[in-house]
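J.: This is the structure, below, for whatever I ask next.
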Amino acid sequence: MFTRLMLAPALALVASAALAGAPETKITTVAAADLPPAVIAVVKAAAPGLVIKEAELKARENRRYFDVEGVLPDGAEIEFDLLEKDGRWEIVETQRDIAWVSAPQAVRDAATKAAHAVAPVRVIESTQNNGLVIYELFAAGQPKTPALEVSWKNGVAKVLAEAWPH
């Protein structure tokens with residue numbers, strides 16, 4: 001715990017440099033019962049038995065997203081980010097929380113190289129619909145915006161200079 005508290009400020013410092021200029025997002029909470037039927041159909045097809053717990057409609061840079069959070073039959077929590085394209089909803093990102101030690105070693109090494117001391121208090125593994133995985137690292141006291149993001153695909157890890165668009 002002491003190490004986490006001491007190292008989190010180093011990760012927080014990266015936020016201002018690495019993810020500066022993140023686009024502004026308008027967020028509206030949506031009750032599960034009020035989700036469009038097309039959104040429900042897409043997430044239920046991806047995760048049969050999903051119990052939807054909450055949802056948000058997000059508008060950012062002329063794009064509309066639904067973030068749909070729920071619980072799978074085995075109790076695991078999951079979130080689907082859906083993007084509206086040509087009037088249809090498609091999953092562009094599937095997210096789950098993981099322990100930092102569960103991230104690939106190359107991802108942890110890239111983050112450490114960028115921030116020198118990394119001890120995120122939360123890590124979200126965000127799998128994109130093209131197989132790319134984004135690891136979102138959150139610093140203490142910054143629960144809304146990742147302090148650092150690292151991409152991972154085909155064994156290659158890269159610290160992102162800009163916020164991932166989804």
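Just so it is clear, none of the values below were taken in a lab; they were calculated from the coordinates. Here the structure is a predicted model, which is why all the values come from computation and not from measurement. Glycine gets a Cβ as well: all are built from the backbone with ideal geometry, and neighbour counts include every protein chain shown.
J.: Could you sort 93-100, 34-41, 65-72 so that the peptide with the highest average Cβ count within 10 Å comes first and the rest follow in order? Please report the intermediate quantities before stating the final value.
T.: Details: 93-100: 15.8, 34-41: 14.0, 65-72: 19.4.
Sorting 93-100, 34-41, 65-72 by mean packing, highest first, produces 65-72, 93-100, 34-41.
J.: Rounded to whole Hz and in sequence order, give me ³J(HN,Hα) for the stretch 114-122 from the Karplus expression 6.51 cos²θ - 1.76 cosθ + 1.60, θ = phi - 60°, writing x for Gly and Pro.
T.: Computed from phi, the couplings for the stretch 114-122 are 6, 10, 6, 9, 10, 8, x, 8, 8 Hz.
J.: Here's another thing I want to ask about it. Within the stretch 71-86, what residues put their amide N at less than 16 Å from the label point 7 Å along the Cα-to-Cβ vector of ALA45?
T.: 80-86
J.: At a Cα cut-off below 19 Å, give the aspartates and glutamates reachable from LYS153, other chains included and same-chain residues fewer than 8 away excluded.
T.: Within reach: GLU93, ASP97, ASP109, GLU125, GLU136, GLU162.
J.: On alpha carbon coordinates alone, what is the Rg over Rh value for the stretch 69-166, Rh being the Kirkwood radius? Each step should come with its number before you reach the end.
T.: Details: Rg = 13.9 Å, Rh = 14.2 Å.
With Rh from the inverse mean 1/r over Cα pairs, Rg/Rh is 0.98.
J.: A further question on this structure: If you bin every alpha carbon distance in the chain into 10 Å steps from zero, what whole percent lands in each bin?
T.: 10, 37, 34, 17, 2
J.: With charges set only on the Cβ (+1 for Lys and Arg, -1 for Asp and Glu), what does the dipole of the chain come to about its Cα centre, in debye to the nearest 20?
T.: Computed charge dipole of the chain: roughly 340 debye.
J.: Can you tell me the 0 to 90 degree angle between the C-alpha axis of helix 2-18 and the longest principal axis of the chain, rounded to 10?
T.: 70 degrees
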